[in-house]
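Heads up: the structure comes next, in C-alpha cells.
Derivation of every value follows stated rules applied to the coordinates shown; laboratory data play no part. Computed from a predicted model, the values in this text were never measured in an experiment. All Cβ positions, glycine included, derive from the backbone under ideal geometry; neighbour counts span all protein chains shown.
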Amino acid sequence: MRALDRKRWRELWQMRSQAAAIAMIIASGVATYIISLSTLDSLTLTQSNYYQAYRFAEVFAGLKRAPLSLAERVRDIEGVREAEARVKAQINVEVPGFGDPVTGLLVSLPDDRVPLLNQLHQVRGRTPASDRPWEVVINEAFADAQDLAPGDTIIGIINGRREDLAIVGVALSPEFIYQIRPGDIFPDYERYAIMWMGYRGLSVAYDMDGAFNDLVLTLEPGARAEAVIERLDALLEPYGGQGAYTREDQLSHRYITQEIVSLEAMAKIFPVIFLAFAAFLINFVTNRLIRAERDQIGVLKAFGYDNLTVGLHYVSVILIIVLAGAVVGIGFGAWAARGLTGIYIEFFRFPRLDYVLRADVLLTGVLVTLGAGLAGTLHAFHSAVRLSPAEAMRPDTPLVYRQSLVERLFGHAFLDQPSRMILRHIGRAPLKSALTVLGVALSTGLVMSGNFQEDAVDYMMWSHFNLAAREDVTVTFNELAGNEAEYELAALPGVLQAEGMRAVPVRFRYGNRSYRSAIQGFRPDAELHRLVDTSLQPVPPPPEGLLLTSYLGEEILGVRPGDTVTVEVLTGRRPVIDLPVAGFVEEYIGISGYMELATLNRLMRDGHVLTGSFLAIDPADQARVFDELMRRPGVGAIAQRSQSIASFYESFAETILVFTFVNTLLAATIAFGAVYNSARIALAERSRELASLRVLGFTRAEIAYILIGELMLLVIVGVGFGFLVGRGICALFAEAISSDIYRVPLVLEPSTYAFGAAVVLGSGLISSAVIKRRLDTLDLVAVLKTTE
Amino acid sequence: MSTEHGNPGQEDAPEDRDEESGGQAIFVARGLTKVYRVGEVEVHALRGVDVELYKGEFMVLLGASGSGKSTLLNILGGLDTPTDGTVRFDDIDLTGASESELTEYRRHAVGFVFQFYNLIPSLTARENVSIVTEIARNPMTPEEALEMVNLGPRMDHFPAQLSGGEQQRVAIARAIAKRPEVLLCDEPTGALDSKTGVHVLEALARVNEEYGTATAVITHNASIADMADRVLFMSDGRISGERRNETRKPPSEISW
C-alpha cells in the first residue's frame, strides 16, 4: 500500500467519531429521502396495480330504481366501455355477542359470472352460490375486527326483516379500500361491514327484482368523462339518478388519493429539507476539516506532490465518509421504507405489496450528498492550494479581532476576560458563527417538525370533537323523515337531547370551479353539533345564505363572503339554486356547506324533513339506546363519537405517527451530528490557543469555559432561531398536506418547542462533555510544539 | 566561533565571487524582494537580495529572527514566489516557472528540512520517507535513507514515539532520500538541544560529504556557521556580510 493510502486510512480511523457523525448526517438525509419517496412510489404503484388487476370502475352512479334493461342503453352511450348494474343496500347488522350497532352495505354480485368491474380479491372461502340466497362474502377489515370467518353467521335487517347471513368468504375490493360509514369521518372497521351477496337473493329481499340502483362503468380510452356523465345523468334522471361521478369523487379513491397526496407533500418537503440540510452540513464540515489540513497540504506540496494528487487524496477521504453514510442511509432507508409501505398496505388492505425503490431516487440521494461533500472539500482545498506551500505551512495569520458589541455598549468591566474572548471570537468570524447558528437552528426546526404532526392531529381532533361535533351519537335515516322522528328519538329512555338535521348532496359551482359535497341544515339554536367561525367561536347558521368551510370557500371555489355560488342539488327534484355565501366556518375535518334547517327545507320544497339526528345520551343507558335505535327500520346508520375518535387514533393516526417517529429520530440524529461536528472542529482549531492559556496559568475549567461557553452560546442562539425555523417548516408542511378531507392546523405545543430545544441542547451538552474530556488531557507541550 | 557580522563583503559583484570560488553555481538569485501582509501589517521580508549557492557547497545563512532568511529559503525552494527579482536553478527560471514546473522542481531537485519537522503524524518513520521516494525519479530506499541518519532501528515508529532529534533526522532522511541536488534546511536544530542538534548536524554534514549535495542551512545560531564552507549574514531583509571558513569544523566540536 502506498504511503498516501496508509495516511488516508489511518487518519480516517483517527477521526472515526467525527467521521461517524458526518456519515450519520448523510445517512439520515439519504434515508429520509429514500423512505419518503420510495414509500410514495410503492404506494402509488401498488394502488394502480390493484386498480388494474381488479378492474376498478371509472364512473359511478347511484339511482333510486331502474329496470335492468336500462343498463343496455347505458352501454350504448358513446365512450362507455363496460357497465355493470348492481343493487346496493344499506342495512343494519347484528353481530352475535357484539352490543354496538353495526351498519352494513350489501352489494350485489352477478349470479353466474365474475363481476365485470370492481372484482373481488378473495382472501378466504368462496363466493356466494347462486342457488343459496343468504350467503355473503364480507370484507376483510370487518372480518378481522369482528373475528369472523367463513362458517360464521351474522344477522342482517333487510326491509325490516331479520335474516341470517351465512359468511362463505372474506374478500377485498378496490372499491372499498377505505370504508367509511355514512355520517362518519373515519373508518370504523368494527362497526361498518361491506358485504357481497348474489344478485338474485339481494334483489328479491330488497324489492329490486329485475332492477338496479347502482351503476359502475369504465370508459373507452380517450373518452371524456364529463360528456359521458352528462348523458348518463340525463338517462338516469327519470329513475331517481343522484348524479354520476368519477373516481375523483368516489369516497374510497378520494381518501386513499388524499392519503397519497399528503404523503407526497411530506415526501417532497421533508426529504428536501433533510437532504438540503445534510448537504449544507457536509459542505460546512468538510470545508473546515480540510482547512485544518492546510499545513499537511503544504508539506505534501513542498515534497513535490502536485495539486491533483493531493486534491484526490482529500477528496477520497470525504468520499469514503460520504459513501459510507450513503450506504447506511440506503440500507436503513430501504428497510424502513419497506416496513412503512407494509404498514400502509396493511392499513389500506391492498391484496399485495409492490415495493419499488427507483434508481433515480437512489442516485439523487447519493449524488446530492456526495456533491455537497465534494463541493465543501474542493472549496476548502482550493483555498489551501492557492497558497504557496510556504504560506500553507505557516500557522494561520492572526485574524483581525475587534471589541465585541457588548463590550462597546457596556464597557470592559461588564465581562471577564474569557467571556470577552468568547464574544470576540464569535465576532471575529461572524460568517462561521452564523453558519453554526444556522445549523443548530435547522436542527431544532427539523426535530420540532417531526413532533408537530402529533400536536396538530391532537388539536385537530380536540377542536372538531369538543367545539363542533359534541354529539355522542349521529343517527342517519334511511329515508327522509318528518320532524316527529326527532321527537321520537328525544323521547327514548337514555337520550338526553336530540337535534334533527338534514344533509343534501350537492355540487357547488363557482365560475369554472366545482366541488361535490353536501349542504347540511342545522337549527339556529343547535347545541350539540355547532359551527365555529375562523376564530373558533360558535356561530349559528344564518337565516339566509350559505356558510362554507373556509377551505371549500377560499381554496377550492375561490369565493368571498357576499359572492353567489351555484348549487346543483343531486337528489330529489335536483334543483339548481344560486345562493349567497354568508361567511366561512372553520373545520379541520371534512368539508361542507351549512344553512339553517328551515331555509334548506324551504329551498328543497319537500316539507319539514330530516335525514338524521344528533343525540346526546346518558352513558349509563348506551346499550339500551342502541338496542332501540337498531330496532327501528328507519335508522340507517349509527355513528358514535367516542368510536370515531378511537378508531382514528388506532388506524389513521398510527400511520402518520410511525412516519413522524422515523422523521424525529432522523432529525435528532442530524441535530446531534451537526452540533458534535461543530464542537470537534472548534476544538481542533483552537487547542493551540487554549494550551497557551493553560501555560499562562488558566485552569482547565477556565479554558473549557472559553470553548464550551462559545459552543453553548451559539447553540442557545441557534435554538432560539430554531423555534422560528421550526414554525416555518411546520407551516409549510401544514399547508402542503391540507386537503378537503382534513386540514392540519398550525399548532405547536410548548412541549414540541421544549423537545426540539432538549434534543439540540442535549447534543450540545454531550459534545461539550467530549470536548471537556479532550481538553483535560490536552498535552500542553506537544500542542505548543506543533506549528498548527 | 565567529562574530555575527564577520565580513561585510556584500558590495562585491557576484561574478567576482563566482570566479573566486571556481565552483559552479546551482542557484543564482538577483534582486529578490518580498512583501507580504500579515493581518493588517505589510512586512518587507526581503529588500533586494543577491545570492548564489554552488555545487557541493555547505552554506550557512545566519541571521536574527525576522531577518528574512526563511523567506529567502522558501523562495529558493519554490515554496514561495518573490515580489520582485529572479531566481535561477541550473537552467530553470524559478520566478517564471509554472505551478507544474515548480512541482517537478520540488519533487526531484530539492530536499527540505523544516524547523518543526513537519512529519505526517499518521505515518511511521519509514512511511514518512516513502511518501517522498514513491514519487521520486531515482530515490534511495527509505531504509537506506534512514540508515544514513542512524535511525535504522526506529524505522517503524510513529512521529509521536520519536524524540525531537529523531524526528528531525527522519525529516532529513525524507529530504535526502530522493537524492536531491540541493538540501534546504530551515532552522533544523532550532527546536533541539545542543546534544541532539549535533546528531542532526552530523547527518547533514554526512549527506553533504558523501553525496556532494549542495546544502543551505539557515539558522540564528552562530555556532553552526563554523561547519560551513561559506557563511552569509542576513539582517533586515538584506545580505549584510559573507565569510569563508578555511576549515570546516566537524559538528561534534560544535555546541551551544
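Among the helices of chain A, those built from whole DSSP H runs whose Cα atoms reach 20 Å or more along their own axis and whose mean Kyte-Doolittle hydropathy is at least 0.0 are A:16-53, A:251-292, A:307-348, A:359-386, A:430-463, A:653-695, A:700-737, A:750-776. Per residue, the average separation of C-alpha pairs within less than 8 Å and at least 6 apart gives chain A a relative contact order of 18 percent. Is the shape of the stretch A:563-682 rounded, prolate or oblate, going by the alpha carbon gyration tensor and its root eigenvalues a ≥ b ≥ c, with a/c under 1.5 for rounded and a/b larger than b/c for prolate? In terms of gyration-tensor shape, oblate. Taking 0.36 nm per residue of sequence separation and removing the Cα-Cα distance, the A:Leu363/A:Glu163 pair yields an extension gain of 66.1 nm. Averaged over peptide B:103-110, the number of partner chain Cβ atoms lying within 10 Å of each residue's Cβ comes to 4.
Each of A:Ala61, A:Ala143, A:Ala129 was scored by the projection of its Cα onto the charge dipole of the stretch A:13-147, and the greatest displacement toward the positive side belongs to A:Ala61; charges sit on the C-beta of Lys, Arg, Asp and Glu. If each DSSP helix of 4+ residues adds -39,500 (n - 2.57) and the sum is divided by the residues in chain A, what number results at 222 nm, nearest 500 deg cm²/dmol? When only DSSP H runs of four or more count, the value is -17500 deg cm²/dmol.
The Cα trace of the stretch A:495-617 gives Rg and Dmax of 13.7, 45 Å, the first to one decimal, the second as a whole number. Could you work out the pair-distance distribution P(r) of chain B from its alpha-carbon pairs, with 10 angstrom bin width and percents rounded to whole numbers? For chain B, the binned pair fractions read 7, 32, 37, 21, 3, 0 percent. Using a cutoff of 8 angstrom between alpha carbon atoms and counting only pairs six or more residues apart, the relative contact order for the stretch A:61-251 works out to 35 percent. Here's the picture: charge each Lys and Arg Cβ at +1 and each Asp and Glu Cβ at -1 in the stretch A:495-617, and of A:Val565, A:Leu528, A:Ile589 the one pushed furthest to the positive end of that dipole is A:Val565. Taken as entire DSSP H runs, the helices of chain B that both span 15 Å or more between Cα atoms along their own long axis and average -1.0 or more on the Kyte-Doolittle scale are B:164-176, B:194-211. Counting only other chain Cβ atoms within 10 Å of each residue's Cβ, the peptide B:118-129 averages 5. For the protein assembly as shown, the Kirkwood radius over C-alpha pairs fed into Stokes-Einstein at 20 °C and 1.002 mPa s yields D = 61 µm² per second. Checked against a 22 Å cut-off, the cross-linked pairs A:Lys301/A:Lys432; B:Lys55/B:Lys178; A:Lys7/B:Lys178; B:Lys34/B:Lys178; A:Lys7/A:Lys301 give Cα-Cα distances beyond that limit for A:Lys301/A:Lys432; B:Lys34/B:Lys178. Charge dipole (Cα centre; +1 on Lys/Arg Cβ, -1 on Asp/Glu Cβ; no other charges) of the stretch A:61-251 amounts to roughly 280 debye. Its Cα centre serving as origin, the protein assembly as shown has a Cβ charge dipole (Lys and Arg +1, Asp and Glu -1) of approximately 1140 debye. The ranking of A:Phe350, B:Phe112 from fewest to most other beta carbons within 10 Å of each one's beta carbon is A:Phe350, B:Phe112. Approximating the spin labels as points 7 Å out from Cα along Cα→Cβ, the B:Arg206-to-A:Glu237 distance works out to 11.3 nm.
The length gained on full extension between A:Val327 and A:Arg700, counted as 0.36 nm times the residue separation minus their Cα-Cα distance, comes to 130.2 nm. Report note on the peptides A:565-574, A:284-293: ranked by the mean count of other C-beta atoms within 10 Å, highest first, their order is A:284-293, A:565-574.
Placing a label point 7 Å from the Cα of A:Trp9 along the Cα-to-Cβ direction, the residues of the stretch B:109-145 whose backbone N falls under 15 Å of that point are B:122-124, B:127. Rounded to a whole number of µm²/s, how large is the Stokes-Einstein D of the stretch B:13-154 at 10 °C and 1.306 mPa s, given Rh as the Kirkwood radius over C-alpha pairs? The Stokes-Einstein estimate is 92 µm²/s. Structural descriptor for the stretch A:495-617: relative contact order 38 percent, calculated from alpha carbon pairs under 8 angstrom and at least 6 residues apart. May I ask you to derive the FRET efficiency for A:Ser642 and A:Asp152 from their Cβ-Cβ distance with R0 = 25 Å, giving the value to the nearest 0.05? The computed FRET efficiency comes out at 0.40.
If R0 is taken as 60 Å, the Cβ-Cβ distance between B:Ser100 and A:Val261 corresponds to a FRET efficiency of 0.60.
Between A:Val719, A:Thr474, A:Val299, the Cα set farthest toward the positive side of the dipole of the protein assembly as shown (charges on each charged residue's Cβ, about the Cα centre) is that of A:Val299. Projecting label points 7 angstrom from Cα along Cα→Cβ for A:Arg513 and A:Asp209 puts them 5.1 nm apart. For an R0 of 45 angstrom, estimate the FRET efficiency from the Cβ-Cβ distance between A:Thr564 and A:Asp76 and round to the nearest 0.05. Taking R0 as 45 Å, the efficiency between A:Thr564 and A:Asp76 is 0.75. Take the Kirkwood radius over Cα pairs of the stretch A:115-158, plug it into Stokes-Einstein at 37 °C and 0.692 mPa s, and you get 276 µm²/s for translational diffusion.
Using a ≥ b ≥ c from the Cα gyration tensor of the stretch A:61-251 (square roots of the eigenvalues), is it rounded, prolate or oblate, where a/c under 1.5 gives rounded and otherwise the larger of a/b and b/c decides, a/b for prolate? Here the stretch A:61-251 falls in the prolate category. Counts of other chain beta carbons within 10 angstrom of each beta carbon in peptide A:300-312 average 6.
Modelled this way, with points 7 Å down the Cα-to-C-beta line, the labels at B:Thr86 and A:Glu479 are 11.5 nm from one another.
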